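A.B. asks: After the structure tokens below, expect a handful of questions from me.
The values are calculated or read from the model by the stated rules, or taken from the named source; none is laboratory data. Just so it is clear, the structure is predicted and the values come from calculations on it, not from any experiment. Note that each Cβ is placed from the backbone with ideal geometry, even for glycine, and that neighbours are counted across all protein chains shown.
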Amino acid sequence: MDFPHVSGSLGIVHPLCIERGRNAEVWDEQGRHYIDFIGGIGVLNLGHGHPAVVEAVKAQVETLMHSAFNALPHRGYLEVAEALDRFVPVDYPLSCMLTNSGAEATENALKIARGATGRQAVIAFDDGFHGRTLAALNLNGKVKPYKHRLGALPGPVFHLPFPSRDSSVSADEAMAALTRLFEVEVPSDEVAAIIVEPVQGEGGFRLLDAGFAARLRSLCDEHGIVLILDEIQSGFGRTGERFAFSHLGIEPDLLLMGKSMAAGLPLAAVAGRASLMDGLPRGGLGGTYSGNAVACAAARTVMDLMDEARLRQWGEAFEAAIVTAHGDWRERFPMVGAMTGIGAMRGIVFEDTEHATGAEHLAALLTAAREAGVLLMPSGRQRNVLRLLAPLTIESEAMDEGLLRITRALETLAP
Ligand SMILES: Cc1ncc(COP(=O)(O)O)c(C=O)c1O
């Protein structure tokens, strides 16, 4: 399928056009049915068209569609701010600003960290992903396609290897790289912020080493550096907890949220300590659409629906199904390698074999799976990690059917 009037620089994964969706299932314009393991790239943890969200959105559309919060505050924004204070498990009172997208949240977090510290440098991680706007993309730990051909980008930004049981980098190696950075590249008192994903999304669903996370936390405290945790993909229940930082035992100074926050409506947020959030002059933060009333109505409903018990239950059911399927695939198919991630945020590494690279195997699987009626998405620096982002609310029959279709697709691949 061609899209002649759409920029060819958009990298479209599946050449089809979706018409409607219900929970974990979608139908294209030809009426073909698919099980959706992409979930709007992590936006649909509560599935397509969750009835409670649809109802809240309809009611809001009929009451107030928009008010530019900077000019004329509205109740929805205030309620989301209060709900976030209850929903985000940190020990301090939370202050926030709402944005339209994850990248915009990243950009604003950089402004907030600069404003609060009077410093400019930022440390990010190899294979990390924080958005596609100019400052955000310079934080991404991957050149192609994000930074290629763009020239000078807003800096200074430095990258460290990402320590994880899902990569070959240990906590000690990453700490040594950080020590070297402070000695060779940039003094610690010029660093405004360190930004990291507790579980890398684009980078291949890799869990940050918990010991390293603790060392990072104390190092930031010691040097007055703002620790920004980007949970735009890992937050809102994806890992079985509200936020993945709970698995690591640390708290952020600033937290980035987005994607599943408003179940499909464009809404994201930067939230954190008021002492940081209040650091810029009045008017230094804002935006015409940020915190749109309809998106706020969706977000309030999402937070009501995601109570602790349900999240754990959904996360455990999802994880159990994937772990079992992965065990079976790994025994049967030579290109299927290790499983990455945690909870319901799981990736499957595709290995090189004598016939093809892991990335080629995964690309072939994406096509075969689509033909078998299931939609999949790659991740990882080499595009060789299958990321499974079906809604947490997926019915067990749909999950079984989806996994069966993936198995059938795997059976068609050359070893
Ligand atoms: C961890 C992370 N941060 C930031 C972003 C950027 O969010 P958006 O696409 O809403 O700008 C993404 C998007 O994939 C993400 O996964």
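A.B. asks: Would you call A121 more than 16 Å from the ligand (Cβ to nearest atom), in contact with a Phe, Trp or Tyr (Cβ under 9 Å, 6 or more places away or on another chain) and farther than 29 Å from I342 by Cβ? Talk me through it step by step, then tell me what you get.
C.D. replies: Values: more than 16 Å from the ligand (Cβ to nearest atom): yes; in contact with a Phe, Trp or Tyr (Cβ under 9 Å, 6 or more places away or on another chain): yes; farther than 29 Å from I342 by Cβ: yes.
The answer is yes for A121.
A.B. asks: Those residues that are more than 19 Å from the chain's Cα centre (by Cα) and either aromatic (F, W, Y) or outside any strand (DSSP E or B) (or both), I need them from the range 117-142; list them, please.
C.D. replies: T117, G118, R119, Q120 - these are the residues of the range 117-142 that are more than 19 Å from the chain's Cα centre (by Cα) and either aromatic (F, W, Y) or outside any strand (DSSP E or B) (or both).
A.B. asks: Among the residues of the range 64-113, write down those that are within 19 Å of L227 (Cβ to Cβ), acidic (D, E) and within 16 Å of the ligand (Cβ to nearest atom).
C.D. replies: Residue satisfying the conditions is E107 alone.
A.B. asks: Here's another thing I want to ask about it. Would you say R242 is surrounded by fewer than 23 Cβ atoms within 10 Å (Cβ to Cβ), of a type outside the set (A, V, I, L, M, F, W, C) and not in a loop (DSSP other than H, G, I, E, B)? Talk me through it step by step, then tell me what you get.
C.D. replies: Working: surrounded by fewer than 23 Cβ atoms within 10 Å (Cβ to Cβ): yes; of a type outside the set (A, V, I, L, M, F, W, C): yes; not in a loop (DSSP other than H, G, I, E, B): no.
Answer is no for this residue.
A.B. asks: Take the conditions touching a Pro at 6+ places or on another chain (Cβ under 8 Å) and not assigned by TED's automatic domain parsing to the domain that holds H247 and apply them to A359. Does it pass? I'd like the intermediate steps shown before the answer.
C.D. replies: Working: touching a Pro at 6+ places or on another chain (Cβ under 8 Å): yes; not assigned by TED's automatic domain parsing to the domain that holds H247: yes.
Yes: the conditions hold for A359.
A.B. asks: In this structure, is D253 in contact with a Ser or Thr (Cβ under 7 Å, 6 or more places away or on another chain), of a type in the set (D, E, K, R), over 28 Å from L44 (Cβ atoms) and in the same structural domain as L110 (by TED's automatic domain parsing)? Give the steps one after another, and end with the answer.
C.D. replies: Numbers: in contact with a Ser or Thr (Cβ under 7 Å, 6 or more places away or on another chain): no; of a type in the set (D, E, K, R): yes; over 28 Å from L44 (Cβ atoms): yes; in the same structural domain as L110 (by TED's automatic domain parsing): yes.
Taking the combined requirement at face value, the residue does not satisfy it.
A.B. asks: Let me ask something additional. Considering each of A263, A269 in turn, give the residue that is among the hydrophobic types (A, V, I, L, M, F, W, C) and at positive phi.
C.D. replies: Numbers: A269 fails: at positive phi.
On inspection, the qualifying residue turns out to be A263.
A.B. asks: Taking the stated definitions as given, is D166 out of contact with any Gly (no Cβ under 6 Å at 6 or more places or on another chain), more than 15 Å from the ligand (Cβ to nearest atom), part of a helix (DSSP H, G or I) and not hydrophobic (A, V, I, L, M, F, W, C)? Write out each step before concluding.
C.D. replies: Working: out of contact with any Gly (no Cβ under 6 Å at 6 or more places or on another chain): yes; more than 15 Å from the ligand (Cβ to nearest atom): yes; part of a helix (DSSP H, G or I): no; not hydrophobic (A, V, I, L, M, F, W, C): yes.
The answer is no for D166.
A.B. asks: Sort through R149, R132 and tell me the only one that's over 19 Å from A177 (Cβ atoms), charged (D, E, K, R) and either in contact with a Cys (Cβ under 6 Å, 6 or more places away or on another chain) or away from the ligand (no atom under 16 Å from the Cβ) (or both). Outline the logic, then answer.
C.D. replies: On the way: R132 fails: either in contact with a Cys (Cβ under 6 Å, 6 or more places away or on another chain) or away from the ligand (no atom under 16 Å from the Cβ) (or both).
None of the others qualify; the one that does is R149.
A.B. asks: Which of the residues that make up the range 232-282 are touching a His at 6+ places or on another chain (Cβ under 8 Å) and more than 20 Å from N292 (Cα to Cα)?
C.D. replies: Correct list: T239, E241.
A.B. asks: Can I ask one more? Kindly indicate whether any position in the range 89-104 is without any contact (Cβ under 8 Å) to a residue 24 or more places away in the chain and either touching a Phe, Trp or Tyr at 6+ places or on another chain (Cβ under 7 Å) or more than 30 Å from R282 (Cβ to Cβ) (or both).
C.D. replies: So in the range 89-104, the residues without any contact (Cβ under 8 Å) to a residue 24 or more places away in the chain come out as none.
Among the residues of the range 89-104, not one is without any contact (Cβ under 8 Å) to a residue 24 or more places away in the chain and either touching a Phe, Trp or Tyr at 6+ places or on another chain (Cβ under 7 Å) or more than 30 Å from R282 (Cβ to Cβ) (or both), which makes the answer no.
A.B. asks: Hey, does the range 306-313 have a residue that's crowded, with 22+ Cβ neighbours inside 10 Å and modelled with pLDDT under 95?
C.D. replies: The initial filter retains those residues of the range 306-313 that are crowded, with 22+ Cβ neighbours inside 10 Å, namely 311.
From what is left, the residues that are modelled with pLDDT under 95 are 311.
Taking every residue of the range 306-313 in turn, at least one turns out to be crowded, with 22+ Cβ neighbours inside 10 Å and modelled with pLDDT under 95.
A.B. asks: Please indicate, with yes or no, whether at least one residue in the range 225-248 is assigned by TED's automatic domain parsing to the domain that holds L94, modelled with pLDDT of 95 or more and more than 30 Å from R310 (Cα to Cα).
C.D. replies: yes
A.B. asks: Can you say whether L72 is at pLDDT 95 or above, under 21 Å from the mean Cα position of the chain (by Cα) and assigned to a loop (DSSP other than H, G, I, E, B), as far as the supplied structure shows?
C.D. replies: On the way: at pLDDT 95 or above: yes; under 21 Å from the mean Cα position of the chain (by Cα): no; assigned to a loop (DSSP other than H, G, I, E, B): yes.
Here the answer is no, as L72 does not meet what is asked.
A.B. asks: Identify, by number, the condition in (1) under 23 Å from the mean Cα position of the chain (by Cα); (2) over 16 Å from I406 (Cα atoms) that V349 doesn't meet.
C.D. replies: (2)
A.B. asks: Would you confirm whether any residue within the range 28-45 is part of a loop (DSSP other than H, G, I, E, B), more than 30 Å from I228 (Cα to Cα) and among the aliphatic types (A, V, I, L, M)? Before you say what the answer is, go through the steps one by one.
C.D. replies: Going residue by residue through the range 28-45, those that are part of a loop (DSSP other than H, G, I, E, B) are 29-32, 37-38, 43-45.
Next cut, more than 30 Å from I228 (Cα to Cα) only: 29-32.
Right, trim to among the aliphatic types (A, V, I, L, M) and you get none.
Within the range 28-45, none of the residues are part of a loop (DSSP other than H, G, I, E, B), more than 30 Å from I228 (Cα to Cα) and among the aliphatic types (A, V, I, L, M).
A.B. asks: Separate question: May I ask you to verify whether P266 is farther than 23 Å from G115 by Cα, within 15 Å of the ligand (Cβ to nearest atom) and crowded, with 19+ Cβ neighbours inside 10 Å?
C.D. replies: Working: farther than 23 Å from G115 by Cα: yes; within 15 Å of the ligand (Cβ to nearest atom): yes; crowded, with 19+ Cβ neighbours inside 10 Å: yes.
When the stated conditions are applied, P266 passes them.
A.B. asks: Does I348 count as crowded, with 17+ Cβ neighbours inside 10 Å and in contact (Cβ under 8 Å) with a residue 60 or more places away in the chain?
C.D. replies: Details: crowded, with 17+ Cβ neighbours inside 10 Å: yes; in contact (Cβ under 8 Å) with a residue 60 or more places away in the chain: no.
In short, no.
A.B. asks: Go through the range 201-212 and give me each residue that's crowded, with 18+ Cβ neighbours inside 10 Å and more than 16 Å from the ligand (Cβ to nearest atom). Before the answer, list the steps.
C.D. replies: So the first thing to find is which residues in the range 201-212 are crowded, with 18+ Cβ neighbours inside 10 Å, and the list is 201-209, 212.
If the condition is that a residue be crowded, with 18+ Cβ neighbours inside 10 Å and more than 16 Å from the ligand (Cβ to nearest atom), then D209, F212 are the ones that fit.
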